[in-house]
1. Looking only at segment 102-145, count how many residues are surrounded by fewer than 14 Cβ atoms within 10 Å (Cβ to Cβ) and under 15 Å from the mean Cα position of the chain (by Cα).
2. From the set of residues in segment 171-194 that are in a loop (DSSP other than H, G, I, E, B) and among the polar types (S, T, N, Q), which is surrounded by the fewest Cβ atoms within 10 Å (Cβ to Cβ)?
3. Go through segment 1-101 and tell me which strands (runs of 3 or more DSSP E), entirely inside it, have 1 or more residues that are more than 17 Å from the chain's Cα centre (by Cα).
4. Among the numbered criteria (1) in contact (Cβ under 8 Å) with a residue 40 or more places away in the chain; (2) in contact with a strand residue (DSSP E or B) (Cβ under 6 Å, 6 or more places away or on another chain); (3) outside any loop (DSSP other than H, G, I, E, B), which one does PHE143 miss?
5. State which residue pairs qualify: first residue closer than 17 Å to PRO182 by Cβ and inside segment 75-92, second residue of a type in the set (Lys, Arg) in any location, beta carbons under 6 Å apart, and separation of 6 or more residues or different chains.
6. Among the residues of segment 105-116 satisfying the criterion of being outside any loop (DSSP other than H, G, I, E, B) and without any contact (Cβ under 8 Å) to a residue 40 or more places away in the chain, which is farthest from ALA81 (Cα to Cα)?
7. For residues that are buried (at least 20 other Cβ atoms within 10 Å of the Cβ) and part of a loop (DSSP other than H, G, I, E, B), tally how many sit in segment 146-159.
8. State which residue is nearest to GLU76 (Cα to Cα) when the search covers only segment 9-23 and only residues that are exposed (fewer than 14 other Cβ atoms within 10 Å of the Cβ) and touching a helix residue (DSSP H, G or I) at 6+ places or on another chain (Cβ under 9 Å).
Amino acid sequence: MNKVRSAEVSRKTRETEVYVKVNLDSIGNAEVNTGVAFLDHLVKSLATHSLIDITIHINGDLKHHVIEDVAICLGEALRKALGSGEGITRFGFAFVPMDCSLVFAAVDLVRRPYAKIDLKLRGRRIEDMPCEDVIHFLETLAFSMQANVHILTQYGNNDHHKAEAAFKALALALRQAVSVDPRRSGAPSSKGVI
């Protein structure tokens, strides 16, 4: 598979103006400045550990709108970069420990969106980001990517570590799922399409 697997998505509403670019076959560079420092940190971790280059430019009114629209556009860009999905591994999973926390993530890049996110966050905020928006970002990303995403915190005391481990586990699961399987020539499905 020599095709470049990259995509760009733009979205403009009365609340936000977003530009996202991804490259699935790169080294994990991130150019992200959303105005929400903890979101930037999480998306940079996602890029670093998935080896997917991610560029995000956004102007927006409220943090919630910024967080939501970044998730929408990032998911759409990832799906667009996958194209038909021919030759990909399709499934990915990972456990990530981070100090006191352990998080599991599993991904199926089939076009049946579903999200089961249980981070066991205890507080109301992590740095400058509401905890509910961390979960909302992951759910929105799963649905806009049209993927099946499960992320479960096994245990942990520190909300920052649980959230960061969740994004790192998701990154490793995505890295595996988007990777090209050299033995596969078509869609990774007995149906012939995903």
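1. Adding up the residues that qualify gives 1.
2. SER190
3. 6-12, 16-23, 53-60, 91-98
4. (2)
5. Matching pairs, first to second residue: GLY87/ARG184.
6. Among those that are outside any loop (DSSP other than H, G, I, E, B) and without any contact (Cβ under 8 Å) to a residue 40 or more places away in the chain, it is LYS116.
7. The qualifying residues number 2.
8. Once the filter is applied, the top-ranked residue is SER10.
The values are calculated or read from the model by the stated rules, or taken from the named source; none is laboratory data. Computed from a predicted model, the values in this text were never measured in an experiment. Heads up, the Cβs are rebuilt from the backbone with ideal geometry, glycines too, and the neighbour counts pull from every protein chain shown.
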